[in-house]
Each structure stands twice: as structure tokens, then as C-alpha cells.
Amino acid sequence: MILPELNPSQNEAVTHAGGPLLVLAPAGSGKTRVVISRLLHLFEKHGWSDDRILAVTFTRKAAREMVSRIAESRPSFAVPWVGTFHSVAARMLRQHADRIGLPREFAIVDGPDQRQILRDLLEAAGLSEKEHDPKSVLLRISQWKTSGVSPDEAERTSFGPFRADAGLYRSYEARLGAQKVLDFDDLLLRLTRLLKNDPEVRTFYRNQFEHILVDEYQDTNAAQEALLRILSRDGRNVTVVGDDDQSIYRFRGADVGHILSFARHYPDARRVVLSVNYRSTRAIVGAAKAMISSATSRFDKDMSSAGGKGLPVVLKKAGNESDEARHIGLRILEKVSSGSRFRDQAVLFRMNVQAQTFSRILTEQGIPYKIRAGSDGFFSRREIRDLLAYMRLCVNPFDRVSLSRVLNVPQRGFGDKTRNRLEALADKEALPARRLLSLLAEELPQKAADTARRFADDLSEGRVLAEKGEGVCPLLSFWLERTGYERYLEGLGEPEGTLRDRRENLRELSRMADRFDRSWKAVPERTPAGVFLEELALSQDDPGDTEAGETPDRVALLTIHQAKGLEFRHVYLAGAEEGILPLRGRNRVDVEEERRLFYVGMTRARETLEITYCLTRQLFGKTDSFKPSRFLFDLPREFTEGDRPSPAGAGEPSGIGRSVSGTHSSSGARHSEPMGVSRRSEPGSSEVPPKPKIVSRPEWIGRVVRHARFGQGVVEEASGEGGDLELAIRFEEVGVKRLLERFANLTAD
């Protein structure tokens, strides 16, 4: 049966009868349509109720779109189990919170609060933030958690400067436990442990879901893959959709090896390739296909475009970054004069710092633009974090970070001595905030004691409002009135413009609360405030939650990571230079991902694509000469025009070799075949034996080793497995060396 509006390969993916299925969906190949259609097909074919399918996405935006489009086709369907990995994990954990020693309304700490916890721990341990940057330590803790490494194991295997980080990991976990909160990594880690250790809960969820669908499967990390294998019973009821060529989140723990080795873990899996691109012109698809085909570890895909030939991809050489930005600005104005809108166009780059020059030049040229905020964005503003801290204390009275934040906001006359005494009381025993304030009051002079008790009473009243199920707006209004927060802001003596911005931010928070209250639907044993705070926390860790490329009419300035999942009529990919894209100092595994990043940038374009590179560029206050990116030399002449770099200006040689297990699918060839079958390559065949999957090896990081020639060193990076384990080791005498472990003859030091 061919479903309407589906091509043969899309139809095959949608109607696949049974057994594990891998759908390879290159950029612009109609992935969302296939995902929605497959879910609807499964519901209709089997007659399952709408809670029998688990559909996991990587962004809340994708989850919302999935729910919306299913509702359009089947208004009666609620599809309650559609969401991101983290939102689904949070829901499961809350249903069984008592089994992991947490209240159902446990809080989820976000980035700023995590960093504050680390700062407090560093101060308590007498460690310098300069030597132990909180962001870096948190990244290492996240890597440990994602890989399932416990604090005990981290301390046992870490040496040198990483030993202190392992100790901080232990203290950090203890602090989270005392506050009855989880971080984002805990959501997956704690759920996986619960399912492994509790047969009753494991059986409950395995019986709950008849089928599991994972979107953007190439972005799964070790914890997500482990969770999928536990929930998928015998591994037969699984559909995964993704594209190994778009795996660009290794820094978040994503492992492209999961999609490359799918057949190994899910025997008899079938692979379907969506090989038609409906987004971009033939020139853009041809150039992108040629560039990515030089990657050494990938599935081969015979991509073609359903669109017209289109204009060639333009290569433009610039003298420096200002010339580059000025040229792109003129091209933007040309497009607008020909009928395009500013919002139809995007400038993409590798690093956020590159936006500075474009911001300056586009302003000079009168071109409106927008820059996507960082991951914290609106929620990093002082006034927003203050009010959310008050609300968090109403939902989770053990939230020590929030209590510390608002203890003297507005001023209550508490000095450092009082704050230190409160911290000492909190260290002694995990108590709710109002109880801590009551104990503190017993040690304070009368006036200060009365203030502490009034604050404790306010917290008790706010807690009652939250537990009664009052909406978010009433709770927010309670704290604005009770604290006199706007008068407090006026008393800070800040410039009028700053005060105006803070007031507008508070109004926007009120509007968000009002929208939430109007759409609120009761959730068993949850409060509106608790759900609201969870929504905000999860949105801040979502790489695709902020809209871009839409109104107002402005050019989008985005990193390539931020542009993932978006598309524009006209794209300018800036900074195609060695040291920029790919970044300087990348190892073999990193360069593979940098190539995929370049591919993602190219495939955001629908009609025109221009790629620029500079001869010199100023970065971080230093001007350097740059060579054209090695990726430019893989772009065929037939699809490009302009300033093609000469071989003499090339960077390091491009990756060579062909693709992992796959065949070219020309014209009417079949789009699928059973997976997991080992074949020997024949002369002229496009098939080659699979390369080892690329995996991160955090258990090596921090080890002190000795090399016969280079002496003692500390492992800073580790990736690969078996004979391909590659280590980046910082030696005391010679600096960083990259070595294959099997040849290095290392000994533990």
C-alpha cells in the first residue's frame, strides 16, 4: 500500500511491518512527515490506545510539532508519551519518586544554579575557580554521569588535576541529595538505575509501550541508548530515525557509533534510506553530498534533489573578517532588493565570537538582524532568577541555592556572618528553609530574629498557596507584593534604561505565567507551580527550544549548532578556514564531526548558498593568517563557482575512504536491506567493511601515565576502542601528544 503524498522509500518506512527499523533521513528528506505517518500507521493498524507508543524527540519544539500534527489528523488522540528524553524521564521518575527517595515535586536544577553549587563547594574546599572553572568541572561531571561513572569510580581512576574534580563530583552529588533536586543528567541516570534495579517498575514500562520511536537517533548519548535498550524489551518494537551525517553534538555526549552499529545491537534490523531531498536545489545537494562523502565513518546514501538545478554554490575569498561581513551584507541587500525578506536569510558560523563583526558591519549597513541568546538567555537575568527562586522555595523548601539567593533580596539586614551561620545550619542537617530560618532566629538579636521569622512565615504562606494548587500568576503576584520587589529594583540606583528593561522582563515573566495558567490541565499529584518550573528548567537545556528564522523580519546570525533543524532560502556560511571550521587542534574524531558540522551548515539552504573564507582574521585580540578549510577542496567544480582555493593553500588532507556498510541506490534500486549481514567488498563495489564506531572513553581522562620517551603525562582526551583507542596526553616536558594506545606502550605512573 502506498500512502498518499509519500514516495516509495518514505512509504516503506511508514508501513514497515515488524522488527527493529532504522530510517536514515538525510537533511530535507521529509523526516517529520515520515515520523508522524509511521506513528499514525501503527495506531491505526494495531488499534492501540494513544498511550501505548513512546515517541522520543531531542527538542521540545519537535515534540510540540509531533503532538500538534497528530492532533490535526486524529483530534481524539492525546499521545501522552511524546516528548524529549529528559521530559519523559522526569515524568517516569515522578511517578515512582518514592522508590528513589525523592518527593514527587522534586526540582530540576539548571545551569546557573549548578554553577553556584560548584562555587560554594570550591569555596568550602579552599579551591580556586581559576584552576577549577565551574563550567569545566560541571562538563566533566556530566561526562562521568552520561557514561555511568560513579563518584567512587571517578575518584579511583582520576589522577593529577582531575583528582580534585572527582572529589567535587562526590560533594556535588551530596549537595543535590540534601536539596532533594536532580540535574539534567540525573534524570536519565536515575531512571536507568531504577529500571535496572527494580523489576516491578521495569516490567510496568515494558508492558506499557507496544512500540518505541526515537527521532534524531544520531544524537543519543550513552545514557539515552542504555535507557532505550531497557525499555525496548527484546529489541523488536523499535523504530529509530536519524542521519549519521548530522551527528554534531559529541560535546554533549552524543555518540554517532550508536546509529552506525544499530544492526549489531538490534539483529535483523531493516534499514530504509530516504534519499530524496525536498529542501534544496540540485547544486546545493550535489555539493553537500560530495563533501560529506569524504567522511571515513558513515553510511553511504545516494541523495538526490527533487528541486531544480539552482544556482551554483558560491565560494568567496575575503581579505579579513570585516571584508567578509561587508560582502555578505551587500549580498543580503541584493537579495532584499530582488524580493527576498531579511528573515529569509541567515549567516552561519562556527563560533559565537564571529557574530561580533557581523553585528557591527550589518548595523553600519542598516540591516536588521537577530542573534539567538545563549542557553541561559532570558532566564539568566537577575530579576527573573530572583522571582523564580522564591517560587522554587514554595515547591521545594529544601532548595538551598534559592534560599541563599533571596536571603537578602530585598535587603533584610543579614550580613555575611548571618549567611555563614545559615550555611552551617544547612550543612549540619537537611531541613526546609522555613525551619532553618526559625533556628537561625534563635541565635540572632531581636530585630534580626523578627525579620527571619517574618521571612519564614512568608515562605510558609507561599508553600501553602503552591500546595493548594494556586496558579503561577497568583503565586508570582504574592511574592511581588510581599517583597515589594519593584520598589527594591528602583532603590538599586541603576540607569533608567536598565530599570526599564528589568520591569519589562518581569512583565514578560507574568505573561508567561498567565499563558501557562490559561492552558493548565490538572496533572495528578502535581502543582501548577511545580509543572511550570519543570517546563522552564527543561526548556533551558533544549538546544532547539528557541525559535529562529521566523518573525520579525531580521537576518538570523546563528552558530551552525543553533541552526540545526532550521532552513532558510539563502544561507551564508562564514569562516571556512583551517582553525575555524575545522577548529584548530582537532583530532581525527573531532575532524569527522567538524565535517558533519560543515554539512549541516550547507544543508540549511534552500535556494542559494555562499561560503566565505578569509586570508587573515582577528580572533580573541590576535590577528592570524588562515588557510582555506580542507572541506572546500571536496566541493565539485560542477556545483560551485567563484574563488576556488588553490591546492597550494589547502589545509591538511581531507579524510579519505568510503562509507560504512551501504550500497549506492541509483534510480529504481531498492531502498532497504536487512542489516547485520557481513559482506566482503568486491572490486568496484561501494560496500566496505564497517569501521570501528567512534566512542568517547571518559574513564581514561585524568589518568597519570608514563611514556618511555616523553615521560610522565596526564590523559586529557580519549576516544575510540580496541586498537583505535586514541589518547591526547599532556606531558610535563613536551606538551600535548596524540597517541594510539596500542603503540604507545604506556605504563601507569
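The values are calculated or read from the model by the stated rules, or taken from the named source; none is laboratory data. The shown structure was predicted, so the numbers you read here are calculated from the model rather than taken from an experiment. We place every Cβ from the backbone using ideal geometry, glycine too, and count neighbours over all the protein chains shown. These accessible areas exclude ligands, DNA and RNA; they are computed on the full protein's heavy atoms, side chains included. Shrake-Rupley method; radii C 1.70, N 1.55, O 1.52, S 1.80 Å.
The table below lists the values:
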quantity: Rounded Å value of the spacing that divides the Cα centres of segment 175-225 and segment 13-60; calculated: 21
quantity: 5 angstrom amide H check on residue 578, placed H, neighbours 5+ away; calculated: 627, 629, 630
quantity: Carbon plus sulfur fraction of accessible area for segment 419-508, probe 1.4 Å, in percent; calculated: 45
quantity: Gain on full stretching of the segment that runs from residue 173 to residue 234 - 0.36 nm per residue minus C-alpha separation; calculated: 18.6 nm
quantity: The chain: calculated mean residue ellipticity at 222 nm from DSSP helix runs of at least 4, using -39500 (n - 2.57); calculated: -13500 deg cm²/dmol
quantity: With at most 11 neighbouring Cβ atoms within 10 Å, loop trypsin sites (Lys or Arg not before Pro) (DSSP) excluded, longest segment of the chain; calculated: 131-308
quantity: Built amide H within the under 5 Å cut-off of residue 719, gap 5+; calculated: 697, 726
quantity: Segment 292-423: C-alpha pair distances exceeding 20 Å, %; calculated: 69
quantity: Segment 297-399 - percent of accessible surface contributed by carbon and sulfur, probe 1.4 Å; calculated: 50
quantity: Accessible surface of segment 1-133, 1.4 Å probe, proportion on carbon and sulfur as whole %; calculated: 50
quantity: Rounded to whole Å, sorted largest first: equivalent-ellipsoid semi-axes of the chain, Cα gyration tensor; calculated: 43, 31, 30
quantity: Segment residue 5-residue 468, extension gain: residue separation times 0.36 nm, minus the distance between their alpha carbons; calculated: 161.7 nm
quantity: Calculated SAXS-style log₁₀ I(q)/I(0) at q = 0.18, 0.19, 0.22 Å⁻¹ - segment 377-475, Debye, Cα scatterers; calculated: -0.84, -0.92, -1.19
quantity: Neighbour-limited loop hits for chymotrypsin sites (Phe, Trp or Tyr not before Pro), segment 470-547 (at most 14 other Cβ within 10 Å; DSSP other than H, G, I, E, B); calculated: 520
quantity: Under the Karplus curve 6.51 cos²θ - 1.76 cosθ + 1.60, θ = phi - 60°, whole-Hz ³J(HN,Hα) for segment 456-466, x wherever Gly or Pro sits; calculated: 4, 5, 4, 5, 5, 5, x, 4, 5, 4, 5
quantity: Placed amide H near residue 736: partners under 5 Å, 5+ positions off or other chain; calculated: 731
quantity: Whole-angstrom gap from segment 489-531 to segment 633-648, using each part's C-alpha centre; calculated: 52
quantity: Rounded to 5, percent antiparallel among DSSP beta bridges of the chain; calculated: 40
quantity: With Cα atoms, 0 to 90° folded angle of helix 184-197 axis to the chain main axis; calculated: 90
quantity: Where only C-alpha atoms are counted, convex hull volume of segment 155-222 per residue in Å³; calculated: 141
quantity: Charged-residue dipole, Cβ positions (Lys, Arg, Asp, Glu), the chain about Cα centre, Debye nearest 20; calculated: 760
quantity: Residues of type lysines that residue 521 reaches as a straight line, Cα spacing below 24 Å, ignoring anything fewer than 8 places off in the same chain; calculated: 61, 468
quantity: Dipole of the chain [Lys/Arg +1, Asp/Glu -1 at C-beta], most positive-end residue of 106, 47, 327; calculated: 47
quantity: Accessible surface, per residue, of the chain when the full set of protein chains is kept, probe 1.4 Å, Å²; calculated: 43
quantity: Principal axis dimensions, segment 39-147 - Cα atoms, whole angstrom, descending; calculated: 62, 29, 23
quantity: Table column - 3J(HN,Hα) (Hz), segment 85-95, Karplus curve with 6.51, -1.76, 1.60, x for Gly and Pro; calculated: 3, 6, 5, 5, 5, 4, 5, 5, 5, 5, 5
quantity: Local electrostatic count, residue 525, Cβ distance below 9 Å [Lys/Arg +1, Asp/Glu -1]; calculated: +2
quantity: Modelled FRET efficiency - R0 22 Å, residue 95 with residue 64, Cβ distances, 0.05 increments; calculated: 0.50
quantity: Listed pairs 622/737; 135/196; 31/301 exceeding 22 Å between Cα atoms; calculated: 622/737; 135/196
quantity: Calculated from backbone phi, Karplus (6.51, -1.76, 1.60) coupling profile of segment 273-290 in Hz, x at Gly/Pro; calculated: 9, 8, 9, 9, 8, 9, 9, 10, 6, 5, 5, 5, 5, x, 5, 5, 4, 5
quantity: Farthest toward positive dipole pole in the chain [+1 Lys/Arg, -1 Asp/Glu at C-beta], among 410, 208, 15; calculated: 15
